[in-house]
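A quick write-up on the structure given underneath.
The values are calculated or read from the model by the stated rules, or taken from the named source; none is laboratory data. Computed from a predicted structure; not experimentally measured. Cβ: placed from backbone, ideal geometry, glycine included. Neighbour counts: every protein chain shown. Side chains included, ligands, DNA and RNA excluded: accessible areas come from the protein's heavy atoms. Shrake-Rupley method; radii C 1.70, N 1.55, O 1.52, S 1.80 Å.
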Amino acid sequence: MRGSEPGKIFYGWWIVVAAFLNFFFVIGIIFYGFPVFYASFVEALGFTRAQVTQGFFLGFLIVGLPFGLVAGAVIDRVGAKWVILTGVALVGASLLLMARMTKLWQYEALCVLEVLGYVFAGPIATQVLVARWFRARRGRAMGIAYLGLGSGGVVAPMLINYLIRAYGWEHALEIVAVALMAVLFPVGIWVTRSTPEEMGLLPDGATASAATGVAIVDTASSGVAQAVRTKNFWLILLGSTLAIGAIGAVIQHFILFLKDQGYSSAVAARFSTGLLVASLAGRILVGYAVDLVSKKNAMAVFYFLIGASVVLLMAARVPTVVWAFAAIFGFSMGADYMLVSLVTAECFGTSSLGKLLALIIMGYSLGQWGFPWVVGKIFDARHSYDLAWKLTAVAGMAGGLATYVVSARREKARIS
């Protein structure tokens, strides 16, 4: 195997570009942009707020965990490339079919299909892909890749709001689906490579003299059976489920909540865009700094801030307060998903990272989509978000405390 040749860009950075685009469309546009459609579903199809958020929750309950484990096992065995391409096809098809739905059961069935695509093409495969190509510069590479998620999120609210106003929600769904497949299919086929070994390279573009060091890192990796018997695994899972559940609750209801506070759809979309711009700043700064600090402590601080900032929504009728919330919540949110994979890799290595991330991501995805459903139920019962935001704030702060207890050095020493 050879390292990166002098004067040539290490191919791993093209993998980062592919990961950036994957995050941009599959998570950035879909996760952050899809809630913009909710108001149309409520008005045109008569869905309640709990119903518009329960589709993805049901998807993760039905297919999320079992197929996440399948995806993780397949990624560890044959690589991420074809898993990602399968997921892109499923996400694109579900969006095209949603443009023709008229019944709640159709929406729920298509959400299940979209979740299946998200499981294959989303964070599990993409994070493993980047982690396999980088070690010493893993934090920086992951941070750049995750800028795609934030960039997609910044673009999505106002873009989808424009598409709905200009073409109607049905055609807006079709446009998003076609754009997603038109970009990600060529990138997945012609750019993505699952590991550096496929091209005779080493992680980070290292020279052959570094191979011994790489081998040592690999032998320190722990298997799934070993990892799930550690306290660290369950603390990472618990902290992530609570904090990312809080993020999901806010993101899925933010525009609906702001409209209840008297803001127009356009102004609500601007607040949402501001929040996601702040998340970009978080990803840039944390991505460059995270290799120099304790990753689990950084994750704990940001999780705690996610919960604490939700308290500001109690005064959301004041625009300045909403902007302050968007800045704090958004910046903290920018670091969260990226740090989950980095902390997991730091604690357990990369040999079984696909299966471990599948367990963790499918676990926290139940919070990510279950919390919004609970918030919707609370609103439908009380016609107010006050209690929901209080519970969301507590969950986020508790997630930060759980993550702070993680002790990477002791757990690695005990496992290896």
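Remark on residue 201: its backbone amide H falls under 5 Å from those of 2, a criterion applied only to residues 5 or more positions apart or on other chains, H modelled at 1.01 Å from N. A viscosity of 1.567 mPa s and a temperature of 4 °C, combined with the Kirkwood radius over Cα pairs in Stokes-Einstein, give a translational diffusion coefficient for the chain of 61 µm²/s. With the simple model of a label 7 Å out from the Cα in the direction of the Cβ, residue 178 to residue 386 spans 4.8 nm. On the basis of the beta-carbon distance and an R0 of 51 Å, residue 162 and residue 405 show a calculated FRET efficiency of 0.70.
Measuring how big the stretch 303-350 is from its alpha-carbon positions, Rg and Dmax come out at 14.4, 47 Å. Label positions at residue 323 and residue 100, each projected 7 Å from the Cα along the C-beta direction, are separated by 4.6 nm. Rolling a 1.4 Å probe over the heavy atoms of the protein chains gives the chain an accessible area of 37 Å² per residue.
Which loop trypsin sites (Lys or Arg not before Pro) in the stretch 294-402, with loop taken from DSSP, have no more than 13 other Cβ atoms within 10 angstrom of their Cβ? The qualifying sites are 317.
Among 110-118, 75-83, sorting by the average number of other beta carbon atoms lying within 10 angstrom of each residue, highest first, gives 110-118, 75-83.
In the structure displayed, which of 231/390; 296/355; 231/295; 295/390; 296/377; 259/377 lie more than 24 Å apart, Cα to Cα? Those over the limit are 231/390; 295/390; 296/377.
Can you give the percent of C-alpha pairs in the stretch 267-311 whose distance is more than 15 Å? Result: 57 percent of Cα pairs exceed 15 Å. Plainly put, the stretch 261-416 has a radius of gyration that is 1.02 times its Kirkwood radius, both from alpha-carbon atoms, as the Rg/Rh ratio. Whole-percent P(r), the stretch 1-139, all Cα pairs, 5 Å bins from 0: 2, 9, 17, 20, 16, 12, 9, 6, 4, 2, 1, 1, 0. Look at the alpha carbon pairs under 8 Å that are at least 6 residues apart: their mean separation over the length of the chain gives a relative contact order of 27 percent.
Accessible surface comparison of 43, 108, 197, probe 1.4 Å, protein chains only, largest first: the order is 43, 197, 108.
With a 1.4 Å probe and all protein chains left in place, how much of the accessible area of the chain comes from carbon and sulfur atoms, in whole percent? In the chain, the share of accessible area belonging to carbon and sulfur is 68 percent.
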